[in-house]
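Below is one structure, written out as structure tokens; comments come after it.
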Amino acid sequence: MDRQPFLTEDYNLPMHISAVGIGQFGSCCTGLINSYAENICCHEILTPQEEGYCNPLPVQDKDSLLFLITDLRQSFCPQVLTACIEAAASANIQTVVIGPDIPLQYYSSLPINLAPPYCVVTNPISAMSLVSLVNDLANTFSFVGIDHGDIKVILSSGDQGVFASSEASGPDRGGRGFRQAFDQLYQSENSKADCRGAIACLYGAAANHFEYYQQALTERESYFNRDINLVLGFVVDERLSDSIRVTVLAMH
């Protein structure tokens with residue numbers, strides 16, 4: 001991917017992002033992230049931690065955002081995830097959990113102040129795309145001014161995140177890709193009215209990028225109230241010469 005460097009006033013202060021894969025699903029996800037995403041520190045925990053081991057996080061103090069990726073249906077994952085959440089909270093690192101299942105019994109057992117938002121994905125490619133979305137918006141140049149603080153506020157604005165990705169071609173590719181992605185989001189039981197914030201990114205060639213961005217921006221009012229916090233960026237990917245890819249994460 002031919003991406004331009006991070007060229008805002010804070011180019012020396014990127015958002016430091018880590019991803020920890022717990023169990024088989026999490027390890028597969030972090031393997032993809034490590035191969036395809038840039039500047040994300042990936043780690044994995046493949047076996048249960050020893051009893052009493054309460055700091056399993058191989059992350060650095062400078063990390064400002066941590067993704068914990070796991071399938072809680074694997075037997076030891078809930079225990080390790082809890083230890084990771086507690087360690088991240090102690091280090092004051094903002095945390096987002098990613099996985100294919102949300103056992104309400106598990107989440108209801110966590111103290112309210114420790115329960116991070118949970119983003120639903122069904123496969124490792126979606127998990128990789130979700131983490132890349134946040135990283136690309138935070139650490140890749142976009143002609144739209146994007147603040148790290150806005151991204152972090154949106155990620156913590158809801159209890160559950162829903163992710164979708166779409167690709168479209170043709171003269172209205174920006175608007176159509178945006179519509180397709182958001183239609184995916186709301187095929188589930190989540191209501192548009194419940195959305196508390198969203199982050200989205202268009203990926204495409206540099207030619208006519210502003211036109212496609214404006215097409216997507218025009219569509220936003222069909223899906224979002226003007227009052228919600230929405231970050232929408234554009235990242236140059238010259239491999240997409242005839243199409244636009246749209247990824248979006250909505251928090252509920």
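The values are calculated or read from the model by the stated rules, or taken from the named source; none is laboratory data. Just so it is clear, the structure is predicted and the values come from calculations on it, not from any experiment. Glycine also receives a Cβ, built like all others from the backbone with ideal geometry; neighbour counts cover every protein chain displayed.
Of all residues in the range 94-115, which are surrounded by fewer than 22 Cβ atoms within 10 Å (Cβ to Cβ) and in contact with a helix residue (DSSP H, G or I) (Cβ under 9 Å, 6 or more places away or on another chain)? Show your work before the answer.
Taking the range 94-115 and keeping what is surrounded by fewer than 22 Cβ atoms within 10 Å (Cβ to Cβ), we get 94, 100-115.
94, 100, 103, 106, 109, 110, 113, 114, 115, listed by residue number.
Just for the range 199-227: of the residues that are out of contact with any helix residue (DSSP H, G or I) (no Cβ under 9 Å at 6 or more places or on another chain) and of a type in the set (A, V, I, L, M, F, W, C), which one is surrounded by the most Cβ atoms within 10 Å (Cβ to Cβ)?
Per the stated criteria, the residue is 205.
Only residues that are within 15 Å of residue 108 (Cα to Cα) and among the hydroxyl-bearing types (Ser, Thr, Tyr): list them for the range 69-88, please.
Selection gives 82 alone.
From 98, 102, grab the single residue that is at pLDDT below 90 and within 22 Å of residue 27 (Cα to Cα).
102
Give the residue that is nearest to residue 227 (Cα to Cα), with candidates limited to residues of the range 133-176 that are among the hydroxyl-bearing types (Ser, Thr, Tyr) and in the same structural domain as residue 228 (by TED's automatic domain parsing). So that I can check it myself, show each step before the final result.
Going residue by residue through the range 133-176, those that are among the hydroxyl-bearing types (Ser, Thr, Tyr) are 140, 142, 156-157, 165-166, 169.
This time we only want the ones that are in the same structural domain as residue 228 (by TED's automatic domain parsing), so: 156-157, 165-166, 169.
On the way: 156: 17, 157: 13, 165: 24, 166: 25, 169: 30 Å.
Only one residue tops the list, namely 157.
Kindly indicate which of 246, 231 is outside any helix (DSSP H, G or I) and modelled with pLDDT of 95 or more. Even if it seems obvious, please write down each step before you answer.
Working: 231 fails: modelled with pLDDT of 95 or more.
Only one candidate qualifies: 246.
Quick one: in the range 162-188, of everything that is of a type in the set (A, V, I, L, M, F, W, C) and either modelled with pLDDT under 90 or assigned to a helix (DSSP H, G or I) (or both), which residue is nearest to residue 241 (Cα to Cα)? Can you show your working first?
Here is the first cut: in the range 162-188, the residues of a type in the set (A, V, I, L, M, F, W, C) are 162-164, 168, 178, 181-182, 185.
Adding the requirement that they be either modelled with pLDDT under 90 or assigned to a helix (DSSP H, G or I) (or both) leaves 178, 181-182, 185.
Working: 178: 17, 181: 19, 182: 23, 185: 26 Å.
That would be 178.
Would you call residue 129 among the polar types (S, T, N, Q) and either modelled with pLDDT under 90 or more than 13 Å from the chain's Cα centre (by Cα) (or both)? Let's see the steps before the verdict.
Details: among the polar types (S, T, N, Q): yes; either modelled with pLDDT under 90 or more than 13 Å from the chain's Cα centre (by Cα) (or both): no.
No; evaluated as a whole, the condition is false for this residue.
Test residue 91 against the criterion of being among the small types (Gly, Ala, Ser), surrounded by fewer than 16 Cβ atoms within 10 Å (Cβ to Cβ) and at pLDDT below 95, and give yes or no.
Numbers: among the small types (Gly, Ala, Ser): yes; surrounded by fewer than 16 Cβ atoms within 10 Å (Cβ to Cβ): yes; at pLDDT below 95: yes.
Judged against the criteria, residue 91 is a match.
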